[in-house]
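Just so it is clear, none of the values below were taken in a lab; they were calculated from the coordinates. Since we're looking at a predicted model, the values are computed, not measured. Virtual Cβ from ideal backbone geometry, glycine too; neighbours counted across all protein chains shown.
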Ligand code: SF4
Ligand code: SF4
């Protein structure tokens, strides 16, 4: 049985049959690094745009394959990719899928049936994490000094911004995510950069964003666009305001 509909929706997936008469679809969505905006604008990690895109793709796939009882996998996604041999764990604790390096968002759906598998051979890649330590050297807080330390990683700490004493000024104007360890990783250096969507770039102008954060009800179009680009969960005006004010202070 083929999954034509899945191929029409996305080519970025692997498929592996499970033992229980089900198959697992490993979806991934690449996110290319953005060309920098002027200092008057907030920075944003492209990963935060890829995840909502991937969520829409996963919903479309679920809908298209609804007769195969698709179920979203709720376990550790990265581990499921590693365990299936469909990605490598790098020193920076990120999943690497060639040719996109660590710049991938991931999602998994399980469906009924067994199919022709779509896998990837990573045997050549296994030695590719050169232990060059560029991620470690460029992490602004030493979160990779002794393996990955989620407690001090700025990206992780942003979720805890109210109580955190982390040096968020080291985010260097980034209001969503930290990608210092990805920017220098040799796995990613071949990737082309792309422009941030124009309508989002306009919103990222710091005074515009601050006005929105202070009175989101007055800016429904901004709210709608942020919901679309970064997802409702990440569109938290109070949290964004915290990082926007920091970015303005340090601009
Ligand atoms: S995301 Fe930022 S803080 Fe976290 S490990 Fe990477 S460089 Fe360090
Ligand atoms: S920067 Fe170097 S050491 Fe760090 S994950 Fe990438 S290849 Fe590995």
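Some notes on this structure:
- Summarised as an ellipsoid, region 134-249 has semi-axes of 27, 18, 11 Å, derived from the eigenvalues of the Cα gyration tensor scaled by 5 and square-rooted, with the largest first.
- Axis angle, to the nearest 10 degrees, between helix 237-249 and the longest C-alpha principal axis of the chain: 50 degrees.
- Taking every C-alpha pair closer than 8 Å and separated by at least 6 residues, the mean separation divided by the residue count of region 78-177 gives a relative contact order of 21 percent.
- Packing-based ranking of 187-194, 117-124 yields 187-194, 117-124, ordered from highest to lowest mean Cβ neighbour count within 10 Å.
- Rounded to the nearest 0.05, the FRET efficiency derived from the C-beta distance between residue 73 and residue 169 at R0 = 35 Å is 0.40.
- The calculated Kirkwood hydrodynamic radius for region 163-209 is 13.3 Å, given to one decimal from all distinct C-alpha pairs.
- Which of 10, 165, 102 has the fewest Cβ neighbours within 10 Å, and the rest in rising order: 165, 10, 102
- Separation of alpha-carbon centers, region 9-81 and region 87-106, rounded to whole Å: 13 Å
- 5, 22 arranged by Cβ crowding within 10 Å, fewest neighbours leading: 5, 22
- Along its first, second and third principal axes, ordered by size, region 72-168 spans 50, 32, 19 Å in Cα coordinates.
- Calculated on C-alpha atoms, the gyration radius of region 4-112 divided by its Kirkwood radius gives an Rg/Rh of 1.02.
- Stretching residue 131 away from residue 249 to a fully extended chain increases their span by 38.9 nm, per 0.36 nm per residue minus the current alpha-carbon distance.
- Estimated [θ] at 222 nm from DSSP helical runs (n ≥ 4, -39500 (n - 2.57)) normalised by residues in the chain, nearest 500: -9000 deg cm²/dmol
- Per residue, the average separation of C-alpha pairs within less than 8 Å and at least 6 apart gives the chain a relative contact order of 25 percent.
- Semi-axes of the equivalent ellipsoid for the chain, Cα gyration tensor, largest first, Å: 33, 24, 15
- Contour minus Cα-Cα distance for residue 4 and residue 156 (0.36 nm per residue): 50.9 nm
- Working from Cα pairs under 8 Å separated by at least six residues, relative contact order for region 4-112 is 37 percent.
- Potential extension, residue 238-residue 211 segment - 0.36 nm per residue separation minus Cα distance: 8.6 nm
- Sorted peptide list for 72-78, 167-173, criterion being average Cβ within 10 angstrom, highest first: 167-173, 72-78
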